[in-house]
Amino acid sequence: MDFSYKNSTITISSDKKEIILSPDSVILDGLSIELPGEYEKSSILMYSFAKNDEQLYHFRTEGYWIAYIPEMLTDISTEALDFLWGIDILIMPGAKSMQPTLEKVEAGLLITYGESAHEIALVLGCTGEIVSKYKLKDADLSSEKTMCVVMG
């Protein structure tokens with residue numbers, strides 16, 4: 001599974017399938033996700049959650065549960081936290097202020113982006129090196145602490 005970042009958009013590519021995550025929309029292999037609910041396309045199962053100012057996505061592809069939080073959430077509701085339970089990879093804009101949310105979600109891998117993304121990487125003890133492309137390896141999810149990839 002490959003992740004790439006360009007123009008504030010993360011694209012996940014695998015097996016000729018594509019998931020596009022932008023601040024304004026999510027496109028699941030050609031299907032635009034606009035409302036909360038459950039969706040399935042090209043063997044990818046996706047759930048969308050929206051309540052108050054929280055918009056979250058949770059989907060399964062290639063055996064991994066991935067969550068996407070398009071906007072900075074310095075505090076996360078219990079309902080949203082329940083929605084994100086059991087994920088392997090968390091994709092969200094980064095800033096030091098996101099640390100409480102990250103600690104509650106407990107993802108194995110954080111993929112972060114944005115102007116302050118390196119801040120959360122440093123808090124996690126990662127280098128904060130910025131990349132535009134990243135290829136997922138199973139070993140990236142096998143450590144006790146959350147690994148971080150900063151995209152830019």
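The values are calculated or read from the model by the stated rules, or taken from the named source; none is laboratory data. In this text, all values refer to a predicted model and were calculated from it rather than measured experimentally. Every residue, glycine among them, receives a Cβ derived from its backbone with ideal geometry; neighbour counts consider all protein chains shown.
Points to keep in mind about this one:
- Residue check: residue 38 meets all listed conditions (1) touching a helix residue (DSSP H, G or I) at 6+ places or on another chain (Cβ under 7 Å); (2) assigned to a strand (DSSP E or B) but one, namely (1).
- Residue pairs meeting the criteria (Cβ under 6 Å; at least 6 apart or on separate chains; first among the polar types (S, T, N, Q), in region 86-99; second surrounded by fewer than 19 Cβ atoms within 10 Å (Cβ to Cβ)): 97/74; 99/123
So that you can scan it fast, the table gives a plain yes or no per residue for (1) under 14 Å from the mean Cα position of the chain (by Cα); (2) more than 18 Å from residue 9 (Cβ to Cβ):
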| position | (1), (2) |
| --- | --- |
| 67 | yes, no |
| 70 | yes, no |
| 77 | no, yes |
| 98 | yes, yes |
| 101 | yes, yes |
| 113 | yes, no |
| 117 | yes, no |
| 139 | no, yes |
| 146 | yes, yes |
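- When residue 51 is tested against (1) more than 14 Å from the chain's Cα centre (by Cα); (2) within 16 Å of residue 150 (Cα to Cα), exactly one condition is not met: (2).
- Selection from region 115-152 of residues that are exposed (fewer than 11 other Cβ atoms within 10 Å of the Cβ) and hydrophobic (A, V, I, L, M, F, W, C): 139
- Among the residues listed as 130, 44, 120, the single one being at pLDDT 90 or above and within 12 Å of residue 148 (Cα to Cα): 130
- Test result for residue 96, surrounded by fewer than 16 Cβ atoms within 10 Å (Cβ to Cβ), modelled with pLDDT under 90 and within 24 Å of residue 121 (Cα to Cα): yes
- Meets criteria (of a type in the set (D, E, K, R) and either assigned to a strand (DSSP E or B) or within 29 Å of residue 16 (Cβ to Cβ) (or both)) for residue 71: no
- Neighbours by Cβ (under 6 Å, 6+ apart or cross-chain): first from region 131-148, over 12 Å from residue 108 (Cβ atoms); second modelled with pLDDT of 85 or more and hydroxyl-bearing (Ser, Thr, Tyr): 132/5; 133/4
- When residues of region 1-35 are limited to those that are of a type in the set (Ser, Thr, Tyr) and either at pLDDT below 90 or part of a loop (DSSP other than H, G, I, E, B) (or both), the one surrounded by the fewest Cβ atoms within 10 Å (Cβ to Cβ): 25
- Residue match in region 108-123 (condition: within 20 Å of residue 33 (Cβ to Cβ), in a strand (DSSP E or B) and among the polar types (S, T, N, Q)): no
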